[in-house]
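*Asks:* Please see the structure below; I have some questions.
The values are calculated or read from the model by the stated rules, or taken from the named source; none is laboratory data. Owing to the predicted nature of the structure, the values given are computational and were not obtained by experimental measurement. Cβ atoms come from the backbone with ideal geometry, glycine included; neighbour counts cover every protein chain shown. What goes into the accessible areas is simple: the full protein's heavy atoms, side chains included, and nothing from ligands, DNA or RNA. Shrake-Rupley method; radii C 1.70, N 1.55, O 1.52, S 1.80 Å.
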Amino acid sequence: MLGVAAIVLLAQTALTSIVPVIAPFARALGIAEWQMGLVISVAALCIVLTGPRWGRAAQRWGPKRVLAVSLGNGILAMVAFALVAQAGLAGALSVLTVVGGLIASRGVWFGLSEAALVPTAQTYVASLTDSREARVRGMASIGAAQGVSMLIGPAAGGLLGGISLMAPVWASPGLLAAALLIVLIGLPARRGAATDPTARVSPLDRRVLPYLVVSFGMFTVLGFVDILIGFVAQDRLGQSPERTALTTGLALVAAGVGLVLSQTVIVRLRSWSPRGLMLVGAIVAALGFAGLVPDLGAVGIFGGVFLAGIGMGMASPGAISGATLVVGRAEQGSIAGLIAAVNALTIIVAPLLATVLYGFAPAVPLLLGTAAALAIAGFVWASPRLRRDGAAHAGEAVDPALAQAGLAQDGGDPGGAGAAVD
């Protein structure tokens, strides 16, 4: 699992290193906030449409082939993105042409490539783990890799962005190339064979629906933080575009510290159930988001995102591991892709909604994020299915035979909405 975690780390660092320059980059190009949000939302739409297919492909063909194709295309897409951005800053392209180019390269092309990354990593972990504790820790290792990327990426992006807005953009394809090198040299050739059975899981399947609801809600809150933090920093602190890039990078580093702390320390302090992680994580995230509502200067910004990172670092592996524990091996690729698609759906909604509301009144999306996290905590506490699953997960493992038949923790009902075998 170490090799896959390293691949996720590099690929996600390539993504997060650009975040600190999004806000100043948009304003330097004369692009409206919602137009930059649209670029991100289009990429997320591509993940929604193709994530489940990538998850099943990873299970059928093995992660090495899927990741090689994904990362190779991602490198080409980010080179195209950098070329469009460079031309836009030089004034060689109109604003409309730049927006179209960014949507085509960073939105569609890179979005289709990015869609394979996390589902493939989660499918790999699920194929190696059966017990609750091992599954939670395996999924947390992927989350920790993403969390470390939130440390390295924004820090590097902020520092490079302080020199030139284009520096982190050009660094991104280089990081993806390093990830591709690990895939080609260090990843085992096969984890799952072409003959492995695969099955589709419906998003309405009663076994997994509550976990998808929690994951959707938490990633919506995270999407609000990611897209707004640069604008909040620039508007409250009155900084230059380059200084804003540095401050935004450091704020996202604080979020990454919280995420890594939760997934490498807090998750391992005790034998958490998925439900416990989701409940406590949502409450902590709500506290963090609430800290962003008043203008407390840089301290409020850094403290708020730090708590939000801790909360996300607990709730996310709880939702992912809980969903994978109640389905069988044939369904692991599908559920991994489905989770990625649901999370990406939030990136379609969150950037546009957050930036539109921020333009109307800066406090509104921050209050909405706080309310959303509290609503998630209430849902986890009240859901009868999550209560039953929490009791069932007190056992060390889910019976693969029962899970394969769609009966695990479901009282004999084969999967609610059911699953279709490919």
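*Asks:* Out of L228, L176, I need the residue that is in a helix (DSSP H, G or I), modelled with pLDDT of 80 or more and more than 30 Å from T370 (Cβ to Cβ). Which one?
*Replies:* None of the others qualify; the one that does is L176.
*Asks:* Please tell me if L71 is closer than 22 Å to V95 by Cβ and either in contact with a helix residue (DSSP H, G or I) (Cβ under 7 Å, 6 or more places away or on another chain) or open to solvent by 20 Å² or more (accessible area, probe 1.4 Å) (or both).
*Replies:* Judged against the criteria, L71 is not a match.
*Asks:* If you go through segment 74-91 one residue at a time, how many are part of a helix (DSSP H, G or I) and either without any contact (Cβ under 8 Å) to a residue 24 or more places away in the chain or buried (at least 24 other Cβ atoms within 10 Å of the Cβ) (or both)?
*Replies:* 8
*Asks:* State yes or no: is R243 under 18 Å from G322 (Cα atoms) and of a type outside the set (A, V, I, L, M)?
*Replies:* Answer is no for this residue.
*Asks:* Only residues in segment 215-228 that are touching a residue at least 12 places away in the same chain (Cβ under 8 Å) count as the first member; pair them with residues that are open to solvent by less than 10 Å² (accessible area, probe 1.4 Å) and among the polar types (S, T, N, Q), Cβ under 6 angstrom, at least 6 apart or cross-chain, and list the lot.
*Replies:* F216/T346; F219/T346; T220/T346; G223/T346
Residues checked against (1) aromatic (F, W, Y); (2) open to solvent by 10 Å² or more (accessible area, probe 1.4 Å); (3) within 30 Å of R236 (Cα to Cα):
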| site | (1), (2), (3) |
| --- | --- |
| G309 | no, no, yes |
| M314 | no, no, yes |
| I320 | no, yes, no |
| A340 | no, yes, no |
| G359 | no, yes, yes |
| P362 | no, yes, yes |
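*Asks:* Any residue at all in segment 53-72 that's at pLDDT 85 or above, part of a helix (DSSP H, G or I) and not hydrophobic (A, V, I, L, M, F, W, C)?
*Replies:* Within segment 53-72 (the criterion being at pLDDT 85 or above, part of a helix (DSSP H, G or I) and not hydrophobic (A, V, I, L, M, F, W, C)), the answer is yes, since at least one residue qualifies.
*Asks:* Does segment 148-164 contain at least one residue that is at pLDDT 75 or above, in contact with a helix residue (DSSP H, G or I) (Cβ under 8 Å, 6 or more places away or on another chain), under 16 Å from I75 (Cα atoms) and open to solvent by less than 40 Å² (accessible area, probe 1.4 Å)?
*Replies:* No, segment 148-164 has no match at all.
*Asks:* May I ask you to list pairs of residues, at least six apart or on different chains, whose Cβ atoms are under 6 Å apart, with the first in segment 133-162 being under 28 Å from L269 (Cα atoms) and of a type outside the set (D, E, K, R) and the second being at pLDDT 75 or above and not in a helix (DSSP H, G or I)?
*Replies:* If the second residue must be at pLDDT 75 or above and not in a helix (DSSP H, G or I), the pairs left are G153/S17.
*Asks:* Same structure, new question: Taking into account only those residues within segment 203-225 that are in a loop (DSSP other than H, G, I, E, B) and at pLDDT 80 or above, which is nearest to the chain's Cα centre (by Cα)?
*Replies:* V208
*Asks:* Moving to a separate point now. Which number in (1) within 15 Å of A116 (Cβ to Cβ); (2) not in a helix (DSSP H, G or I) marks the one condition that C46 misses?
*Replies:* With (1) within 15 Å of A116 (Cβ to Cβ); (2) not in a helix (DSSP H, G or I) applied to C46, the lone miss is (2).
*Asks:* Another question, if that's okay. Quick check: anything in segment 240-247 assigned to a helix (DSSP H, G or I), within 30 Å of E331 (Cβ to Cβ) and open to solvent by 50 Å² or more (accessible area, probe 1.4 Å)?
*Replies:* no
*Asks:* If R27 satisfies all but one of (1) modelled with pLDDT of 80 or more; (2) surrounded by fewer than 24 Cβ atoms within 10 Å (Cβ to Cβ), what's the number of the condition it fails?
*Replies:* The failed condition is (1).
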